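See below for the structure under consideration.
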Amino acid sequence: MPVAKGSALDPERTRADILAKATGLFYERGLDGIGVAELCQAVGASKETLYRHFGSKEGLVRAVLERRSDRVTTWLRAAAEAAGDDPYAQLDAVFDALGGWHAEPGFRGCAILNAAAQHHQDPPRAVAARHLDRRLDLLTGIAGRAGVADPVETGRQLLILVAGATTVADHHVDRGAAESAKRAARSLLRAG
């Protein structure tokens, strides 16, 4: 990042600025939609600065995806927790949050799963697996609190509904996908 003459460098701020700008660019254009030179120009950093902070473009991709996974996990967990102790209300809150996200302008699906589909190898694949595990943990917890016979299997089924709703909302341009998935998810909890 350009620094005014006489100002001190702030490596943490520089790293955070690069991450924030690269996150938007990768989400909008995909991992292969922007080369290193154009990426550096867009984020306002030299190649040397980018490599010093991330080691490589792959290092930046990993950092962007991990940061996004942290944000999404925190966001969905907070939505569930804000709904109180009732597991049905928690489940509704997760799908309602997803539905709000699906309706946002510029929605392009799950950046993490998109990256893993684009590059079916590490680092995107490893980050995607961890991201799905974190969602599975949240959903298995909800299923367990609902008293289903097999919370792990029900959690997996709920995960499929969450990922599927996001994919359908993106590729089928169905902004009501989360609502449909929510109804199916409630049926799973009641049947379990």
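The values are calculated or read from the model by the stated rules, or taken from the named source; none is laboratory data. Quick caveat: nothing in here was measured; it's all calculated off a predicted structure. Cβ sites come from the backbone with ideal geometry, for glycine too, and all protein chains shown count toward neighbours. For the accessible areas, the whole protein counts, side chains as well, though only heavy atoms, and no ligand, DNA or RNA atoms are used. Shrake-Rupley method; radii C 1.70, N 1.55, O 1.52, S 1.80 Å.
Kindly give Rg over Rh for segment 53-192, based on alpha-carbon atoms, with the Kirkwood expression for the hydrodynamic radius.
0.99
Residues of the chain: accessible area per residue at 1.4 Å, in Å²?
51 Å²
Using the basic label-point model (7 angstrom from Cα toward the beta carbon), what is the TRP101 to ALA184 distance in nanometres?
Going by the 7 Å Cα→Cβ label model, 1.7 nm.
Assign unit charges at the C-beta atoms only (+1 for Lys and Arg, -1 for Asp and Glu), then state the dipole size of the chain relative to its Cα centre in Debye, rounded to the nearest 20.
It works out to roughly 280 debye.
Run the numbers on the chain and let me know its relative contact order in percent, using alpha-carbon pairs under 8 Å that are six or more apart.
About 19 percent, as a whole number.
Hey, any idea what % of the chain's accessible area is carbon plus sulfur with a 1.4 Å probe?
Accessible surface attributable to carbon and sulfur in the chain totals 52 percent.
Once the dipole of the chain is set up with Lys and Arg at +1 and Asp and Glu at -1 on Cβ about the Cα centre, which of PRO87, PRO124, GLY109 lies farthest towards its positive end?
Looking along the dipole axis, the top candidate is PRO124.
Counting helices only, and only those DSSP H runs with n ≥ 4, report the 222 nm mean residue ellipticity of the chain as the sum of -39,500 (n - 2.57) divided by its residues, in deg cm²/dmol to the nearest 500.
-24500 deg cm²/dmol
List residues of segment 168-192, by number, whose backbone nitrogen lies under 16 Å from a label position 7 Å along Cα→C-beta of ASP86.
Once the point is set 7 Å along Cα→Cβ of ASP86, 183, 186-187, 189-190 turn out to lie under 16 Å by backbone N, inside segment 168-192.
Run the count for the chain, please: Lys pairs, Cα-Cα under 22 angstrom, 8 or more apart or on different chains.
4
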